[in-house]
1. When residue 82 is evaluated against the numbered criteria (1) open to solvent by 20 Å² or more (accessible area, probe 1.4 Å); (2) charged (D, E, K, R); (3) under 24 Å from residue 195 (Cβ atoms), which criterion, by number, is the only one it fails?
2. Looking only at residues in the stretch 22-39 that are closer than 11 Å to residue 66 by Cβ and under 16 Å from the mean Cα position of the chain (by Cα), which one is surrounded by the most Cβ atoms within 10 Å (Cβ to Cβ)?
3. Just a yes or no: is a residue in the stretch 134-155 acidic (Asp, Glu) and either open to solvent by less than 20 Å² (accessible area, probe 1.4 Å) or at pLDDT below 95 (or both)?
4. Determine whether residue 76 is open to solvent by 70 Å² or more (accessible area, probe 1.4 Å) and closer than 26 Å to residue 197 by Cβ.
5. If a residue counts only when it is among the basic types (Lys, Arg), which helices (runs of 4 or more DSSP H) contained entirely in the stretch 92-209 have at least 1 such residues?
6. Evaluate the following for residue 58: is it surrounded by 24 or more Cβ atoms within 10 Å (Cβ to Cβ) and part of a helix (DSSP H, G or I)?
Amino acid sequence: MTRLIIWRHGNTDWNAASRVQGQTDVPLNDLGREQARTAAPLLAALRPDAIVASDLIRAADTAAALAALTGLPVGQDPRLRERHFGSWQGLALTEAAERHPAEFARWRAGDPDPGAGIETLDDLGKRVGAALVDAAAAAPGGTVVVVTHGGAARQGCGNLLGWEPAVLRTVGSLQNCHWTELRHDDTRGWHLRAHNVGLMGVPAATEPV
């Protein structure tokens, strides 16, 4: 049985300010670095066989905290990047709502293609899902930690599980430095074993990032 641990990166200043990161390369803040250092021993105890991360620095630096404990190299895959948020990237959510009210309303309602140059949920799910399958292939029958982003994690997992967008909307967002566990076997295929696992009391960021 192959196990995927899909780990969201630590906190950033843009998370804290509810600013849309998307694929903007924003670093971890002090809290985010501490979250990664604190969570890393819990993940190291799962005895991972491989670590793969988004190439954005907030994910790569989160992965580095685990690599420091395990001695494993960190593979990078740009397909694990967050959803591209088009013209919203760099805006506070309040600014996005003011400048693009129609698109913002569609996004809030769960429209998979809200406009404003935002990557569609279908494209995001296929992109991240393919990266997750390739990451799992790095250690068949083993454990792979994949470090990615909140929206990317949700849609990538949904792609592997075959869940419709309406089902995915009922699943709570990953908090910073929390993770989802998927397992695969030849009988059941991919299935969900755990979601939003991590240390309690870690502040959650507003969801697009």
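The values are calculated or read from the model by the stated rules, or taken from the named source; none is laboratory data. Computed from a predicted model, the values in this text were never measured in an experiment. Counting neighbours? That spans all protein chains shown, and the Cβs are built from the backbone with ideal geometry, glycine included. We work out accessible area using only protein heavy atoms, side chains counted, and drop any ligands, DNA or RNA first. Shrake-Rupley method; radii C 1.70, N 1.55, O 1.52, S 1.80 Å.
1. The failed condition is (1).
2. 36
3. no
4. Taking the combined requirement at face value, the residue satisfies it.
5. 93-99, 101-108, 121-136, 150-161
6. For residue 58, the condition - surrounded by 24 or more Cβ atoms within 10 Å (Cβ to Cβ) and part of a helix (DSSP H, G or I) - is met.
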